[in-house]
Every structure is written in structure tokens, then in C-alpha cells.
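The values are calculated or read from the model by the stated rules, or taken from the named source; none is laboratory data. Remember, it's a predicted structure, so these values are computed and weren't measured experimentally. Note that each Cβ is placed from the backbone with ideal geometry, even for glycine, and that neighbours are counted across all protein chains shown. Keep in mind that these areas ignore ligands, DNA and RNA; they rest on the heavy atoms of the full protein, side chains included. Shrake-Rupley method; radii C 1.70, N 1.55, O 1.52, S 1.80 Å.
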Amino acid sequence: MKKLSILGSTGSIGTQTLEIVRENEDIEVVALAAGSNILMLEEQAREFKPELICVFDEAKAKELEVKIADLNIKVVSGMDGLIEAATIKSADTVLTAVVGMIGVRPTIAAIEAKKTIALANKETLVTAGHIIMKLAKEKGVSILPVDSEHSAIFQSLQGNKKSQVSKIILTASGGPFRNSSIDDLKNVTVEDALKHPNWSMGKKITIDSATMVNKGLEVIEAKWLFDVEFDDIDVVIQPQSLIHSMVEYIDGGIMAQLGTPDMKLPIQYALFYPDRRVLGGKRVNFAEIGSISFMKPDTEKFKGFALAYEAGRCGGTMPTIYNAANELAVSKFLNKEIKYLDIAELIKGAMDKHKVIENPSLDKILEAEKEAHEVVRSLSERLC
Ligand code: NDP
Ligand code: MG
């Protein structure tokens, strides 16, 4: 029996993970964690009966404790609670699907506790990849990608030699503004940006897809997961989201993973690796699709995407600045405090002001996060 702790159980990835748990008899949930959605947590508690639930918000945790007093479940809160859920003794696997770099500390704690990591929370790897990958190696812990592109790369690496890889090719849908002009983008609304053509996801990653910052984060995520240089990571827009990513080998041969866009496949692959399990849903019908097209990403239009390569190549604390500035800028855009195009400008503003610290400790990473937030706050005041 596989025993699972889910960080971010009320989100898009978390709820799809629970669907997989429902469909497979040999996997059990021992811990759940979320930010504040206690309505959904109560339902999940009654259905899955975990040993422990963390609600990050302390007041909401107290409310939940009262609501589920009839169940024998420990309720915890805050960062200590999140770490308790990530390190709970009975779990062998921790699925990290919280949104944002709040996931850094619990992920490190889970690796220290020798849990297998099914990683959706890309912001954590972007900011602390050098700590996480080294620690995972030391502890003999596997980090299995959930992000669909990285799962596709991981699947395309099976049975081949890592030393014979020449290039990673990440595919991107291009988001809802793939065909818009820069002029069109000046007045994009939150509602427009939330209309992703192919995937249904949480709000933050949907905005990241609309700015292509998501692909930027994924480039840095790929660097850490697969130990490749930035020069060997290409990005190509493939609007149908049919090819989930590719690996090119030294002989020019390319391996790819294809499928209908459904996050349950990569989640399930990470949970049961190296097994494949039956999964329902629509199958690819090539004749119906007719054609697959490709485009180069426009780095003038998607400045936030281009900045990821800059931040990644610069290294040290710069990817944290890139990520943290984006996290705050996206929440300001969602609150209608800034415009769509301001997101990339604010990331750039925070990166321009930053003095890089090489090989940063966790404390330095968290300090860099604060610095990026302060710069974004002060720059965005000037925008109003
Ligand atoms: P959602 O916004 O749908 O869900 C986020 C989850 O994180 C919720 O359960 C939320 O709880 C929880 N959370 C937020 N803040 C905290 C906190 N402080 N402590 C504990 N839990 C917290 O996001 P997604 O599921 O879309 O994305 C999750 C991660 O997976 C992101 O890093 C994203 O980039 C990555 N990812 C997502 C994909 C997708 O298809 N959705 C695809 C590939 C990667 P609450 O509901 O209570 O706020
Ligand atoms: Mg992805």
C-alpha cells in the first residue's frame, strides 16, 4: 500500500490526485494540507480519513478542528504544520502541489525525512533547485516530476542514456495571447488572461501561462531536474498541447511523449512510477487532429519568458527574484491593481535592482524573496 501526503489537496493538482486515489485501491492518503479552504478539507477529511490535516491559516484550522471533532484526525497549522504534514512518519510519498515558493521549506523537510517527492510545485525548484537536488542525491530520494512537460521528458528518457542527450525541447501552448499583438496586450483583462485554451488549472499558473512566465519557470525547473545547461533547453510553441515535450539525442533521434491534455496522466505516472495504470478519458485521434503546428516564442511579446533565461543563467538568488517578483505581480494583477504588461516590467525592475548572492542558503533565498516583494510593492505604487 502506497501512503501519500498531499500538500495543496484543495487545488487543481490536489483534487485530481485525490481522483486517482479514488480509482486505485493500493494507495491511501495519510495527510492533507491546504491554505484556508476548510469547506473542501472537511469533505476530503470525511472521505479519505487521513491521520493529519494542516490548514495554513491558524483561525481556519481551529474552525476545522471543531467541524471534524467526530473524526480522529489531528489538525495543525502554519509552516510548522505544513512541515509536519510533509514529514509524517506513515507517508512514503509527498505530492507537493501548493502554489508558490511557500513549498520550499516543507519540500526540503520531506527530503530530509527520506520521502519520495512527486513534484508539481515548480516555484520551489526554481528558487532552491541547488539545495533540493543535492539533498535528494545525498538522501537517495527520488524527485518525480508532475509538471506535464517534465513528466514527458522523464518518460522520453526511459531506456536511454542521460549522457547521450543533446537537447531538451519543452513545448508550450502559447496561452490565450499566442496570436495577439503587443498593442492588443495593453488592455488585456484578468478574465481574458484566465481563459486558457487547453488546460484548466489554478489561477496563478493560468496567468503564468498567459504571460509565458510559466514556460520560463519550467526552463529553470528542467535545468535542475535533468541537469542540463540552459543552452541545451529549447522552447517551441505547439498550440494543440498534444506533444508534451521532447528529448533529442546525440544521433539526432527525438523521443517525445504525446497524449490528450490531462494532468491525471503525469500525476499518476509520478505516483506509480515505473508502472503505468489504466486511465480513462479521451484518446488521441491523429486523423481527427489533422495537423500539428509549431512556432517560435516571441520574446518581445512575452518578455517575462525571456527574463527566465537571464535569471537562470545568472543563477544564485536571481531565479528567486524572478519567481518572487512574479508571484506578487500576478497576485496584484488578479486583484486588478496592475495591468497585464506590468507583470514582466515588475519582474525586470526587481531583477535590475538585485545584487546576486551565489549558492544561497535557504535563509538568503527567503531574504531575496522579501527583497523582490519590497521592490515590486514600491515599483507598482508608481504605476498607479
Ligand atoms: P491551485 O491554486 O489550484 O491550488 C493551490 C493549492 O495550494 C491549494 O490547495 C491551496 O489551498 C494550497 N495553498 C496555497 N497557499 C498555501 C499555504 N500557505 N499553505 C498550504 N497550502 C497552500 O494551484 P494548482 O493546483 O494549479 O498548482 C499547484 C502547483 O502545481 C503550482 O506550483 C503549479 O505551478 C503547479 N502545476 C500545476 C498544474 C495544473 O495543471 N494545475 C500543472 C503543472 C504544474 P487553498 O485552496 O486553501 O487556498
Ligand atoms: Mg507545465
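Overview of values
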quantity	calculated
Test item: Cα-centred dipole of the chain, Lys/Arg +1 and Asp/Glu -1 on Cβ, debye	220 debye
Assigned charges on the beta-carbon of Lys, Arg, Asp, Glu; segment 214-281 dipole about Cα centre (debye)	500 debye
Gain on full stretching of the segment that runs from Glu58 to Thr299 - 0.36 nm per residue minus C-alpha separation	82.5 nm
Probe 1.4 Å, accessible area per residue of the chain, Å²	44 Å²
Using a Förster distance of 45 Å, the FRET efficiency for Ser142-Ser331 (Cβ separation, nearest 0.05)	0.90
Gaussian network model of the chain, springs between alpha carbon atoms under 10 Å - residue of Lys162, Lys215, Lys301 with greatest fluctuation	Lys162
Selection from Ser331, Ala372, Ser163 lying farthest towards where the dipole of the chain points positive, charges on Cβ	Ser163
Within a Gaussian network of the chain (alpha carbon springs, distance under 10 Å), most fluctuating of Lys332, Lys67, Lys204	Lys67
Charged-residue dipole, Cβ positions (Lys, Arg, Asp, Glu), segment 273-331 about Cα centre, Debye nearest 20	260 debye
Added length on full extension, which subtracts the Cα-Cα distance from 0.36 nm per residue, Lys186 to Asp352	57.5 nm
Theoretical gain in end-to-end length, Ile289 to Glu367 [0.36 nm per residue, Cα-Cα removed]	23.3 nm
